[in-house]
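The values are calculated or read from the model by the stated rules, or taken from the named source; none is laboratory data. Every value quoted in this text rests on a predicted model; they were computed, and no experiment measured them. Cβ placement follows ideal geometry from the backbone for every residue including glycine, while neighbour counts extend to all protein chains displayed. Note: areas computed on protein heavy atoms with side chains; ligands, DNA, RNA excluded. Shrake-Rupley method; radii C 1.70, N 1.55, O 1.52, S 1.80 Å.
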Amino acid sequence: MKNKSRKKKQARNLLMALLFLLIMIFICGVTIYFYVKGNSAEKVIDEPPTRTGLPIQSTIQKNPEYIETTTEEEKIIIDIYPEWTENSKKLDVEEEYALGYAVLMNADTNEIVAGYNESSPMFPASLTKIMALIVAVENIQNMSDRITITADMVYPMAEQDAVLAGFQPEDTPTVEDALYGMVLCSGADATLAIAEYVSGSEAEFVKLMNKKAEEMGLKRTHFTNAVGLHNKGHYSTAEDMALILNYALQDKTCRKIISTYEYIVPPTEQNPEGYNFESTFFSRMYGDEVPDVSVMGGKTGFTDEAGNCIESYAEINGQTYILVLCKCRDRWTAVYDTLNIYSVYGAGGEKYYTYEKEEETTTESEDEMFPF
């Protein structure tokens with residue numbers, strides 16, 4: 001009996017030891033799983049496809065203070081492309097202007113007249129739509145073709161607080177109507193309609209946008225969407241944005257759209273009242289405020305991450321200049337800085353608009369109401 005009892009006790013002890021071993025293995029497995037998962041959840045950026053073509057050369061000295069002022073997502077891009085931190089100190093931004101990135105380019109020569117962080121990565125917001133315009137115009141055969149607006153082009157964009165041109169599901173605007181709605185109103189609905197018309201889907205259209213960037217030799221630009229919505233893999237530089245705008249201006253259709261104040265969409269059966277598209281750019285300036293400077297057209301953009309963005313082209317003393325400003329403090333200082341930089345660095349004049357940098361000229365709620 002004693003031997004039998006001893007054997008039972010040994011078996012029970014062995015069973016308990018095995019059970020304890022299994023518990024320890026399970027705990028170790030769970031610990032390793034969450035450790036690996038936690039590390040893999042760190043931020044990563046979608047790397048752009050390998051690009052070919054001539055790189056954009058830069059002889060501008062590095063600004064050692066820039067990296068300290070960037071967002072975490074911008075730092076990720078800088079970690080991948082550290083040479084992008086080569087920046088110009090030609091604009092005295094700290095004292096004179098309220099912006100994060102700037103470039104003034106002579107469009108006739110592609111020479112950089114003045115700049116600040118112009119070669120550094122930034123998020124372009126709706127300035128993206130100028131590349132979308134280029135790709136669309138180069139692939140459209142008939143501007144009179146009609147597009148059917150679908151609910152998928154309207155409601156998902158509205159849910160993301162993207163700006164809409166105002167088209168309703170089942171509207172059938174012409175391709176030309178949609179192009180004006182895309183640029184003048186910065187309409188996401190019009191942009192998606194154009195993308196689907198040209199390529200069958202936004203994803204395929206974006207491939208054409210990146211292919212065009214590659215053909216232009218833009219090694220510092222990559223798009224993930226046609227609208228300009230924020231994405232870690234959707235970035236550019238002020239310099240590249242200026243080159244894209246300059247390319248667009250060489251096409252008469254693109255130039256006409258970018259330079260238009262107002263466009264009327266005639267009434268249709270689906271929309272008896274028609275549409276009136278007014279340029280968000282020209283809603284903020286007339287273009288002739290500053291002597292010797294004629295601002296001819298441009299595009300605005302805004303996201304929380306990109307800040308207020310504005311790009312334009314102007315005629316000054318018989319020459320064409322392009323100015324790109326991004327991460328401006330607000331929409332009105334962006335306008336003041338645009339006119340001042342054209343005046344001082346383009347026309348060789350003086351600043352005509354001043355503001356107190358400590359005082360906000362627009363409220364956060366206003367930018368939320370008008371995020372274009």
Report, as a whole number in µm² per second, the diffusion coefficient that Stokes-Einstein gives for region 136-249 at 37 °C and 0.692 mPa s using the Kirkwood radius over alpha carbon pairs.
226 µm²/s
On the first, second and third principal axes, largest extent first, how far apart are the outermost C-alpha atoms of region 298-355 in Å?
36, 24, 11
Taking a label point 7 Å from the Cα of R146 along the Cα→Cβ vector, which residues of region 260-277 have an amide N closer than 20 Å to it?
264-277
Ignoring ligands, DNA and RNA, what accessible area per residue does region 213-339 give at 1.4 Å, in Å²?
37 Å²
Listed pairs K90/K351; K90/K212; K207/K232 exceeding 24 Å between Cα atoms
K90/K212
Scalar couplings 3J(HN,Hα) for region 288-305 by Karplus 6.51 cos²θ - 1.76 cosθ + 1.60 (θ = phi - 60°), nearest whole Hz, x for Gly and Pro, are 10, 5, 9, x, 6, 10, 10, 7, 9, x, x, 8, 10, x, 7, 9, 4, 7
Carbon + sulfur, % of accessible area of region 201-336 - ligands and nucleic acids excluded, 1.4 Å:
47 percent
From the alpha carbon gyration tensor of region 239-348, can you work out the equivalent ellipsoid semi-axes (sqrt of 5 times each eigenvalue) and give them in Å, largest to smallest?
26, 17, 14
Could you derive backbone 3J(HN,Hα) for region 133-149 from the dihedral phi with the Karplus parameters 6.51, -1.76 and 1.60 (θ = phi - 60°), listing whole Hz in sequence and x where the residue is Gly or Pro?
5, 4, 4, 4, 4, 6, 10, 9, 8, 9, 5, 8, 4, 9, 10, 8, 6
Going highest first, how would you order 208-221, 270-283, 180-193 by mean Cβ packing within 10 Å?
180-193, 208-221, 270-283
Candidate residues Y155, Y97: accessible-area rank, largest first, probe 1.4 Å:
Y155, Y97
What does the accessible area of H230 come to, in Å² to the nearest 10, when a probe of 1.4 Å is used?
60 Å²
